[in-house]
Each structure stands twice: as C-alpha cells, then as structure tokens.
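Asks: Below you will find the structure I want to go over with you.
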Amino acid sequence: MFSVTQVGSWPRSPQLLAGLREKRMKRMSEQQFNELADNEIRRCVQLQLDAGVDIVVDGELRRDNFYSFIAEKVEGTQLMSLAEMLETVEDKAAFEEMLQTLDAPAYAIRNPTCVGKLRRRASLAAEDLRFIRTLTGKPVKTTLPGPYLLTRAMWVTSYSSGAYGDKPVMADDVVSILREELEELVDAGAEFVQFDEPVLTEVVHSGDDKRRTFM
Amino acid sequence: MNRVLDGFSGRIRTGIHVCRGNWSKREDVLISGDYAPLVDCFRKMNVDQLVLEFATPRAGELAIIGRALPDREIGLGCVNPRTDTAESVESIVERSNEALQHWSPENVYLNPDCGFGCFANRCVNEEDVAAAKLKAMVNAAEILRSENS
C-alpha cells in the first residue's frame, strides 16, 4: 500500500543533453550514446533507491521527449522541430502565436511526424526495461505514449496523407504498433505499463481551437 | 485505448496518465479544469490505474474521480514537479488521507503530478529538488502505512 513511484521522466544532465544533441546530429554513434545514457540511468536509479521509492523508472533518459522518441524506433516517421513544422501549417501566424502564448520553445520541442507507412523496427521501451532490470530487483514502471497522443501528434496532413489518406487509417497502425510493444513488454516481464495521454484534458477544456497546444 | 489493451487484462498492470501540460514552469500557460468531463471516458477505459494530477489546483477536486471510480487504483499526484522546493510530508499525508475517503490503502499509489523532465531541452526541474520530492513521498508513505496497518 502507498507504493511510491514516478510518472516517468527525470531532468537531463548537461552531459546527457550534449549527448542527445550529438547523436541527433549523427556526430555520436549509437553505441557511444548508449554508454553515456547507461551511466546516467544508473545514477538516476540509484537516486531513486536511495530515496526509497517502491517502483523504479529509468527517467526516460534516452528519450528526446516522451513521444518524439518513437521516431527512432518506427519506420515512416521523421523527427521535426516545431519550428520546422511551422513551414507546413496553414495558419502560420496562429501556430506561432500559440507557441508564444503557451511559452513553448519552437526549436527545443520536436514531433515524430508520419511521412510514410508506419512499422515498428525496434522495441519502443522493452530494450530499456531489459537494461534497468540489470540494475535493480524492484518493480519497474514503463512509460509509453498513448494511441490518441501519437495519432494526433504524428498526423501532419501535408506529410502523412500520401501514405495513409486519412488519419483514422494511420491510427490503425499506431494501435498495432502499441500492441506489438505491449506483447514484447509482457514477454520481457514488465509489471506496470503507463500510457501517457496528456492531450485528453485539452480536448475537454479548450472549448475552441484557440488553446490547441502543439501536441 | 481499449483496442490497444484488448487481451492484456490480468497479464500486466496498465495505467493511463492524464495531466494538463508540463512544458513550462508558468502555471498560467498550462491547461486548467477538473476531471469531470473525462469520468465517462475513464470508466470505459480498461486500465487498472489512473495516474492523475492533484497537487496543482488546476486539476480540481479529487472527489470527482474518487466518487466515480473507487474501484480503480489511483496514482495520486501529490507533489508538483515544477516547483523549486519539496512539499511537506504532512501535506502529502493529508492529501492521501483525502484519497482514503474513496480508495482502499492497497489502491493508493503516490507519485508526482507529472515527470520532472518530459522534454529533454525543457526539463521543469533539477535533480536535487526532484530527489527531495521523492524522499518526501517516501516519508509520507511510511507514516500512512503505520496509520493504516
């Protein structure tokens, strides 16, 4: 009772931020990055164990953000900063104003835009689970972006309609990808998977499009 | 969501996390409003645990979810991931006692309202503050366990 855990993400150190940037620019190999991230996750897990939490997370330290990271794992996606997306949205002024109003940095937040047929080419989180298992015997919580968040964020009509025609058709593949991942997570012995659906509050509380966020 | 979860019930604990944004430390730019309009959606959703914000006043009353869905597990958001000091242990205990009016102790989990760094380049906190907040929840859990065993 009263199990203490986290929602998922942990602050990135300056070294890790540099590593994420270098990997994105292809100036750091996957292997070099993983060695850096492994060490950061070790420290993050140790801090949680020292604090005495009951269910441990890996801090999502390998991820750029909690949903954009799938661009590395799913074929048919392209990582785009919100500034790049600005080029494609119809109402540029409104999009820019929204980012400013929301205090959302256009260059620092990236989106996994659908640009082709989606196919899972690597595990989204199961590999991360296998690593954290080597660090602790405590239960682990694994986090994944939810199907609604992914569908809404990934669909950018000018890029996505070529492969899918319509958003609900793409959503079918998003569901399949998440089901494949859940299956792999169960096989890997996951005890707790949390789906993140932050945009649901926006759907019910925004009223009109003026407060639509960038996700 | 249920299409994703179909067939997994009982094989793994599943949760859904719904918050009101975590990209800025400015409370005024994040979304506001209680969970009432989402109650039906949660009721239909085949998840074991609702991982929800309740430390921020923007999330409204805990009883809205407590009255409607006392049979689920609650991941009780009891510390704000965006502030610079850790919440007092007493305030977390108090919030949890409020949850106990609706849920049994076994079904109450303690967590922050959201992550401490959802966007790598826009982390909303620093490591030592985050660790202090974890410690405050752990201390609160110890008190709650002794009071409820």
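Rundown of residues vs (1) farther than 24 Å from B:G21 by Cα; (2) touching a helix residue (DSSP H, G or I) at 6+ places or on another chain (Cβ under 9 Å); (3) at pLDDT 95 or above; (4) charged (D, E, K, R), yes/no style:
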{"site": "A:V7", "(1), (2), (3), (4)": "no, no, yes, no"}
{"site": "A:F33", "(1), (2), (3), (4)": "yes, yes, yes, no"}
{"site": "A:I70", "(1), (2), (3), (4)": "no, yes, yes, no"}
{"site": "A:E75", "(1), (2), (3), (4)": "yes, no, yes, yes"}
{"site": "A:M85", "(1), (2), (3), (4)": "no, yes, no, no"}
{"site": "A:I109", "(1), (2), (3), (4)": "no, yes, no, no"}
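Asks: Also, I was wondering about something else. Would you point out which residue out of A:A71, A:A51 is more than 9 Å from chain B (Cβ to nearest Cβ), small (G, A, S) and either surrounded by 17 or more Cβ atoms within 10 Å (Cβ to Cβ) or within 16 Å of B:L134 (Cβ to Cβ) (or both)?
Replies: Exactly one of A:A71, A:A51 is more than 9 Å from chain B (Cβ to nearest Cβ), small (G, A, S) and either surrounded by 17 or more Cβ atoms within 10 Å (Cβ to Cβ) or within 16 Å of B:L134 (Cβ to Cβ) (or both), namely A:A71.
Asks: Of the residues in segment B:94-124, how many are facing chain A (nearest Cβ under 7 Å) and of a type outside the set (G, A, S)?
Replies: Of the residues in that region, 14 qualify.
Asks: Right, another one. If the requirement is being within 14 Å of chain B (Cβ to nearest Cβ), in a loop (DSSP other than H, G, I, E, B) and surrounded by fewer than 20 Cβ atoms within 10 Å (Cβ to Cβ), which of these qualifies: A:A104, A:A108?
Replies: Going through A:A104, A:A108 in turn, the sole match is A:A108.
Asks: Scan segment B:102-122 for residues that are within 12 Å of the chain's Cα centre (by Cα), of a type outside the set (V, I, T) and surrounded by fewer than 24 Cβ atoms within 10 Å (Cβ to Cβ) and jot them down.
Replies: none
Asks: Do you know which residues across segment A:22-36 are in contact with a Gly (Cβ under 9 Å, 6 or more places away or on another chain) and hydrophobic (A, V, I, L, M, F, W, C)?
Replies: A:M28, A:F33, A:L36
Asks: Just to be sure, is B:E127 without any contact (Cβ under 8 Å) to a residue 12 or more places away in the chain, surrounded by fewer than 18 Cβ atoms within 10 Å (Cβ to Cβ) and at the interface with chain A (Cβ under 10 Å from one of its Cβ atoms)? Spell out how you get there, then give the answer.
Replies: Working: without any contact (Cβ under 8 Å) to a residue 12 or more places away in the chain: yes; surrounded by fewer than 18 Cβ atoms within 10 Å (Cβ to Cβ): no; at the interface with chain A (Cβ under 10 Å from one of its Cβ atoms): yes.
Answer is no for this residue.
The values are calculated or read from the model by the stated rules, or taken from the named source; none is laboratory data. If you're wondering where the values come from, they're calculated on a predicted model, not measured in any experiment. No Cβ is skipped: glycine too gets one built from the backbone with ideal geometry, and neighbour counts run over all protein chains shown.
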